[in-house]
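For reference, the structure is listed below as structure tokens.
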Amino acid sequence: MTRHVLLGSLLAAAIVVATGALAQEAPAAKGQVVSVVVPGPSLVGNLLGTPTDRPVSVYLPPSYDQATGATFPVVYLLHSLGGGDYSWLPRTLMERNIPALADTLIAAGTIQPMILVMPDASTRYGACFYANSPVCGNWEDFITTDLVGYVDDHYRTVAGPQGRAVAGMDVGGTGALTLAMKHPDVFGAAYAMSPLNTALVDPDKSALYSRDAFAMLAPDRALGVASPSYMSQAQLAMAAAASPNPEHEPYFVDLPYELVNGQLEQQSTVWDAWVAHTPMAMTESHRPQLLSLRALGIDAGTNDQSHDVVAETQAFHDALTRAGIPHRFEVYPGDYFNMVEQRMGSVALPFLSDALEGGGEATIGTP
């Protein structure tokens, strides 16, 4: 190579590096977060008295107001047990800022401009796995009908499974899986981060559902008092979803372990109902629906504080593999808390963006 060619190549490389540095320093254009209240007729009559009008935070990408004839794909983000729409926003102790992350990813071209919908599904039991239940309300119907209908009516969306995805963390991750499995006509793709109760493969060793776990809370239950602990919420939330019993006060649920004459005894029919409610148990019966999805992803951290999660997601992954369901699965170095925003930015949102169709010309909605 001649000297002037070499110098020219070096100069070109320097220009690229300098341009990249300037691009990194330039602030990304900002989208907006709109706070709305979405009516929830599907939640009317729930036994916990959960309000039926639900707060929802909606992220609109930077180009939403400028591209007035365009439609946008939508990702629904479902929060964890005890969380709310704020779980994805910077006003929490976790200091997550998914809207700002989306701004950065869109500016970099890592994801296409998308709408993010973050509903508040909190209840007295934390969040009831986004399932239909007379106890907590029909959350499956709320998400797939009330909320999706509201968003499509009020924003310029790609209205169909080709333009909709659902993702979540913890019980929100499990909800994302089951909603996509049951409603591939609504959601075309799903991603679950640290999903809880995907399999329930080893109850004797479970941190949440072993006999010892229920024994810790038995005195409170005998007094009709619900402990505010994560363990108590997880147990009651799962029961509300899988074994509701409106006649069994004060919790309106049946539990797989109950005090009988002062002794904790397993209720096998209830445990079987819990197992049947898991995504792993649904794999074969919902195989056609799973095969119709455009993309499916699951991950968990090796050091997740709930040690059940890694074993359960691995078992679910194995079941999907046996059923021939294409999916992305990863167990990564990290725990429940420390990688959420990083994983959302490097894996989950790009994965879903690649799966969804971009917007085209459409009638302008009413934001």
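Every number in this text was worked out from the coordinates using simple rules, so none of it is lab data. As the structure is a prediction and not an experimental result, all values here were calculated from the model. With ideal geometry, Cβ positions are generated from the backbone for all residues, glycine too; neighbour counts draw on all protein chains shown.
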- How long is the gain from Ala107 to Asp354 if the chain were fully straight, where each residue apart is worth 0.36 nm and the alpha carbon distance is subtracted? 87.4 nm
- Starting from the Cα of Ala215, step 7 Å along the direction of its Cβ; do the same at Gln263; then give the gap between the two resulting points in nm. 1.3
- Message: Taking just the alpha carbons, could you work out the radius of gyration and Dmax for the chain, both in angstroms?
- Response: 22.5, 92
- Would you mind computing the Rg to Rh ratio of the range 107-204 from its alpha-carbon coordinates, Kirkwood style for Rh? 1.00
- Item | Degrees, to the nearest 10: 98-108 long Cα axis against longest axis of the chain | 30
- Item | Max mean-square fluctuation residue, GNM over the chain, Cα-Cα springs under 10 Å, options Thr174, Thr157, Thr302 | Thr302
- Message: At a 10 angstrom cut-off on C-beta neighbours, averaged per residue, how do the peptides 203-209, 191-197 rank from highest to lowest?
- Response: 191-197, 203-209
- Task: Taking all pairs of distinct Cα atoms, average 1/r, flip it, and tell me the Kirkwood hydrodynamic radius of the range 94-162 in Å to one decimal place.
- Result: 14.3
- Task: Round to the nearest 0.05 the FRET efficiency obtained for Ser63 and Glu341 when R0 = 22 Å and r is the Cβ-Cβ distance.
- Result: 0.45
- the range 238-362: Cα Rg divided by the 2.2 N^0.38 Å rule of thumb: 1.37
- Query: Where both residues lie in the chain, what percent of DSSP beta bridges are antiparallel, nearest 5?
  - Reply: 45
- Message: I want the local charge near Thr145. Using Cβ-Cβ distances under 15 Å, sum +1 for each Lys or Arg and -1 for each Asp or Glu among the other residues.
- Response: -3
- Against the longest alpha carbon principal axis of the chain, how many degrees, from 0 to 90 and to the nearest 10, is the axis of helix 211-222 turned? 70
